[in-house]
Each structure stands twice: as structure tokens, then as C-alpha cells.
1. Of all the residues that make up region 117-153, how many are surrounded by 14 or more Cβ atoms within 10 Å (Cβ to Cβ), of a type in the set (D, E, K, R) and either within 20 Å of the chain's Cα centre (by Cα) or within 12 Å of A170 (Cβ to Cβ) (or both)?
2. Among the candidates A56, A108, which residue alone is surrounded by 13 or more Cβ atoms within 10 Å (Cβ to Cβ) and at pLDDT 90 or above?
Amino acid sequence: MSIFNRVLVIIVALVILAGAVITLLVATGVSPPDVLPYGWFEPQLQGIADATGGTAGAIIALSVVITLGMIALLFFEFIPSGKPASLLISSDENGVVTIDVESVCMLAEHTATSTRGVRRVKCRVRESAGGLLISCRASLALGTNIVEMGADLRSKIKEVVEQLTGLPVAQVDIRTKYESREAKPLAVR
């Protein structure tokens, strides 16, 4: 959804939420019908204040439902969507080229795992003003030189991502650990 549409939905939801809360306050007697400035909606709010019995109960119930609905809508508008973010590679009059953040992660992970001594890698990519920030957790084979491997992985990941995507890489952080050797079952013949 475009930014304009999201802003429009948020503004409309806030207006409806304010109306439902004001209606609820007037219907329960917490606020007088002339709560709004310049007498806005005073006749309608007076009718709500004068309601009794089942009508008052229905107005209160409907106001509560609308209030909760608008709060839920606003909540879902502000949480990030489940789709992966895209990074802009290029844009001109002929079109736009983007790449998913997950694809850059896969590229960094593949580059790292193709290095001798690296068992597993999990990377995260964030965008910053200076370029991409890539953070990787690598499991290394026992006995691998961590200092050399860290420097090697940083330079390889930076070079491959910049070369294949055209995106600048500001920083590559590598967090390493040795992979534990687990006892493997012996094959009995």
C-alpha cells in the first residue's frame, strides 16, 4: 500500500475513533453534549445524551465496538508488514530495479559458506545512509583461525554484494563460534 493510502487510512481511523469515543462519553454521561467547539454536532450529541433504555445501551455497545475496531486498525497499520523489504538498485525513465533484502542475505550467506572452514552462516541486512550493514553469525570448523577467517569473510561478502547488486556496503560484522563436534553413530556391518 502506498504511503498516501496509509496516511489517509490512519487519518480516517483517527477521526472515526474520536467520534466513537466522544459518542461513548456523551452516552454514558461522562461528558456534556456541548463538548465539541463551536457547537459542532450538538443536536446529534443531545439526542444521544437524551437516549434511555435499550437505545442508550445500543449506542454504548456500538461505540465500544467501533472504538475497538479503530484501535485494531491503527495497530495493524503501524506494525511492519510481513513482506520482505526491497532495496533500490537503480531508477531511471525506463523503470526501477530493486532486490529483496532476503536475497542479499542469501547472497552473503552463500558467499560465506563457500569459504573453506565455514559450516553454517546466518546473515541480516539493514540499510543505512552510508550503505548496507550486514551482520553474520558464522559457525566455523574447530581449529579454523578466527582472525583470518573473519577478515576473509568480511572482504568476500563486501566484494560480492557490491559487485553483484551495485549497492554500497558500509560495514560487514562477523560473529563467529566453533561448531561443536557431535559424536556420530558408528556404522556397524
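The values are calculated or read from the model by the stated rules, or taken from the named source; none is laboratory data. The model shown is predicted, which means the values in this text are computed figures rather than measured ones. Backbone-built Cβ (ideal geometry, glycine too); neighbour counts: all protein chains shown.
1. The total comes to 3.
2. Selected residue: A108, the only one of A56, A108 that is surrounded by 13 or more Cβ atoms within 10 Å (Cβ to Cβ) and at pLDDT 90 or above.
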